[in-house]
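Peer 1: I have a structure I would like to understand better, so I am pasting it below and will then ask my questions one at a time.
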Amino acid sequence: DGSDPGRASGPVDLGPVEAEGAEVPVDRASRGHRRQINAAAVYLIVFGVTVIAAFVNALIASGHLGWPTGVALLVASVYAALSVRRADDTVAMIVPPLAFLVAALTAGQINIGAVEGSLFNRAAVVFFTLAENWVWIIAATLAAAVIVLVRRKRG
């Protein structure tokens with residue numbers, strides 16, 4: 001019959017063959033995507049890290065908040081902006097200034113004595129704490145905004 005016993009008769013299906021230069025679809029799991037967090041987690045992470053760092057900072061620095069609190073705010077804000085899901089990403093831009101305000105309202109009040117503890121004096125302390133740390137507040141907010149906008153642009 002002329003057929004070779006080691007040879008298959010007819011065409012052999014090798015499965016889908018990629019054309020040279022064609023993109024191969026990759027599922028999200030293989031691209032290294034980590035679990036995304038929701039808006040509540042953004043609040044919890046940024047507020048939690050910032051306020052805890054502020055209490056430690058206030059205890060060490062006699063009630064003054066400074067760069068340790070600012071660095072904690074910046075790191076937590078960047079992490080939250082990188083991890084938040086797309087539907088909640090505007091929260092990542094709003095939370096940093098609010099978190100530092102809460103830190104100033106709580107930890108920033110630690111070493112105020114009874115004489116200087118009037119409501120007006122406490123408000124002044126909060127105002128000046130925010131004013132002295134404006135660089136950290138703006139940096140964290142801008143970093144979060146840039147990250148969110150770049151993530152939106154990429155799709």
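Peer 1: Return yes or no: is Val71 surrounded by fewer than 21 Cβ atoms within 10 Å (Cβ to Cβ) and modelled with pLDDT of 95 or more?
Peer 2: yes
Peer 1: Of the numbered conditions (1) open to solvent by 30 Å² or more (accessible area, probe 1.4 Å); (2) of a type outside the set (Lys, Arg); (3) at pLDDT below 95, Leu142 fails exactly one; give the number of that condition.
Peer 2: Unmet for Leu142, out of (1) open to solvent by 30 Å² or more (accessible area, probe 1.4 Å); (2) of a type outside the set (Lys, Arg); (3) at pLDDT below 95: (3).
Peer 1: Continuing with this model, one more query. Going by what's in this entry, would Arg34 be described as farther than 30 Å from Val126 by Cα, modelled with pLDDT under 95 and of a type outside the set (Ser, Thr, Tyr)?
Peer 2: Details: farther than 30 Å from Val126 by Cα: yes; modelled with pLDDT under 95: yes; of a type outside the set (Ser, Thr, Tyr): yes.
Spelling it out, Arg34 is indeed farther than 30 Å from Val126 by Cα, modelled with pLDDT under 95 and of a type outside the set (Ser, Thr, Tyr).
Peer 1: For region 69-83, check the following and say yes or no: at least one residue is part of a helix (DSSP H, G or I), free of Cβ contacts under 8 Å to residues at least 60 places away in the same chain and touching a strand residue (DSSP E or B) at 6+ places or on another chain (Cβ under 8 Å).
Peer 2: Checking region 69-83: at least one residue is part of a helix (DSSP H, G or I), free of Cβ contacts under 8 Å to residues at least 60 places away in the same chain and touching a strand residue (DSSP E or B) at 6+ places or on another chain (Cβ under 8 Å).
To keep it simple, each residue is scored yes or no on (1) at pLDDT 95 or above; (2) under 30 Å from Ser62 (Cβ atoms); (3) within 23 Å of the chain's Cα centre (by Cα).
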site	(1), (2), (3)
Ala76	yes, yes, yes
Arg85	yes, no, yes
Thr90	yes, no, yes
Ala114	no, yes, no
Ala123	no, yes, no
Val135	yes, yes, yes
Ile147	yes, no, yes
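Peer 1: Now, a different point. On the given criteria, is Val125 crowded, with 16+ Cβ neighbours inside 10 Å and closer than 21 Å to Ala40 by Cβ?
Peer 2: On the way: crowded, with 16+ Cβ neighbours inside 10 Å: yes; closer than 21 Å to Ala40 by Cβ: no.
Judged against the criteria, Val125 is not a match.
Peer 1: Would you pick out the residues in region 90-103 that are in contact (Cβ under 8 Å) with a residue 24 or more places away in the chain and either open to solvent by 10 Å² or more (accessible area, probe 1.4 Å) or in contact with a Gly (Cβ under 6 Å, 6 or more places away or on another chain) (or both)? Please lay out each step first, then the result.
Peer 2: First pass over region 90-103, keeping only residues in contact (Cβ under 8 Å) with a residue 24 or more places away in the chain: 90-93, 95-103.
Within region 90-103, Thr90, Val91, Met93, Pro97, Leu98, Leu101, Val102 qualify.
Peer 1: Return yes or no: is Ala41 in contact with a strand residue (DSSP E or B) (Cβ under 9 Å, 6 or more places away or on another chain), part of a helix (DSSP H, G or I) and at negative phi? Full working, then the answer.
Peer 2: Details: in contact with a strand residue (DSSP E or B) (Cβ under 9 Å, 6 or more places away or on another chain): yes; part of a helix (DSSP H, G or I): yes; at negative phi: yes.
For Ala41, the condition - in contact with a strand residue (DSSP E or B) (Cβ under 9 Å, 6 or more places away or on another chain), part of a helix (DSSP H, G or I) and at negative phi - is met.
Peer 1: One residue is enough: does region 122-140 have a residue meeting the conditions hydroxyl-bearing (Ser, Thr, Tyr) and without any contact (Cβ under 8 Å) to a residue 12 or more places away in the chain? I'd like the intermediate steps shown before the answer.
Peer 2: So in region 122-140, the residues hydroxyl-bearing (Ser, Thr, Tyr) come out as 129.
Cutting the leftovers down to without any contact (Cβ under 8 Å) to a residue 12 or more places away in the chain gives us none.
Checking region 122-140: not a single residue is hydroxyl-bearing (Ser, Thr, Tyr) and without any contact (Cβ under 8 Å) to a residue 12 or more places away in the chain.
The values are calculated or read from the model by the stated rules, or taken from the named source; none is laboratory data. All of these numbers come straight from a predicted model, not from anything done at the bench. Methodologically, a virtual Cβ is constructed for each residue, glycine included, from the backbone with ideal geometry; neighbour enumeration extends over all protein chains shown. For accessibility, only protein heavy atoms count, side chains too; no ligands or nucleic acids. Shrake-Rupley method; radii C 1.70, N 1.55, O 1.52, S 1.80 Å.
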